[in-house]
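Asks: Below you will find the structure I want to go over with you.
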Amino acid sequence: MKKFLKKSFCLGLILVSIFMAIGCGKKNEKLEAYKAEMSEFYDKLAELGNSIDSIDSESEGAKEELLGYLDEMNEIYQKMGQCEVPDEFSGVADITVEAAEYMQKANECYHLAYDGGFDEENEQLASQYYERANNRAVVILQVLHGEVPSGEGVSVTTEDAYQLSTVDSDSSTE
């Protein structure tokens with residue numbers, strides 16, 4: 001009986017070890033979903049950027065075409081800003097929200113600049129918000145690729161391997 005219990009106990013330990021090893025190899029579904037969402041965001045962002053770059057500025061419908069692409073870009077930024085950021089990338093949670101907010105402001109100002117008569121002041125303001133949104137998108141991409149974010153106006157304070165914060169010098173000009 002003791003041999004049976006010892007064999008059963010050892011077999012039990014082996015089975016627990018196997019289940020733990022299998023469990024440890026299991027993919028983090030939230031992390032994988034986030035990576036997929038962000039990959040989709042950057043693919044669509046690149047596609048829209050190329051579309052904007054290909055607009056013939058002399059064409060009659062150039063303004064409407066631009067505003068349509070900016071509306072689409074705003075939509076994907078808003079969707080990205082609402083994604084649940086997994087713990088592995090918690091350092092970019094605030095930055096994703098900021099990027100979405102800046103793109104929303106950029107889109108609003110571009111509409112004010114181009115709907116109806118041209119408004120240069122709103123165009124300049126829109127351009128600044130657009131740049132801020134895209135700068136944050138670059139920082140997020142750097143973090144997702146495992147890089148330490150860099151760029152003008154970006155400083156990094158690490159609390160641990162996944163806690164990254166940025167301080168942007170242009171935030172005081174809002």
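The values are calculated or read from the model by the stated rules, or taken from the named source; none is laboratory data. None of these values were measured; they are calculated from a predicted model. Counting neighbours? That spans all protein chains shown, and the Cβs are built from the backbone with ideal geometry, glycine included.
Asks: Quick check on region 108-126. Is at least one of its residues under 22 Å from the mean Cα position of the chain (by Cα), closer than 30 Å to Gly146 by Cβ, among the charged types (D, E, K, R) and surrounded by 13 or more Cβ atoms within 10 Å (Cβ to Cβ)?
Replies: Scanning region 108-126 turns up no residue that is under 22 Å from the mean Cα position of the chain (by Cα), closer than 30 Å to Gly146 by Cβ, among the charged types (D, E, K, R) and surrounded by 13 or more Cβ atoms within 10 Å (Cβ to Cβ).
Asks: Taking Glu32 as the residue in question, decide whether it is over 10 Å from the mean Cα position of the chain (by Cα) and surrounded by 13 or more Cβ atoms within 10 Å (Cβ to Cβ). Lay out the reasoning, then the answer.
Replies: Details: over 10 Å from the mean Cα position of the chain (by Cα): yes; surrounded by 13 or more Cβ atoms within 10 Å (Cβ to Cβ): no.
Judged against the criteria, Glu32 is not a match.
Asks: Still on this model: Write out, first by first residue and then by second, each pair whose Cβ atoms fall under 8 Å of each other, whose residues are 6+ apart or on separate chains, and whose first residue, in region 137-159, is among the acidic types (Asp, Glu) while the second is modelled with pLDDT of 85 or more and surrounded by 15 or more Cβ atoms within 10 Å (Cβ to Cβ).
Replies: Note: pairs meeting the criteria are Glu152/Asn135.
Asks: Please go through region 127-148 and give me each residue that is outside any helix (DSSP H, G or I) and either surrounded by 21 or more Cβ atoms within 10 Å (Cβ to Cβ) or among the charged types (D, E, K, R) (or both), ordered by number.
Replies: Glu147 - this is the single residue of region 127-148 that is outside any helix (DSSP H, G or I) and either surrounded by 21 or more Cβ atoms within 10 Å (Cβ to Cβ) or among the charged types (D, E, K, R) (or both).
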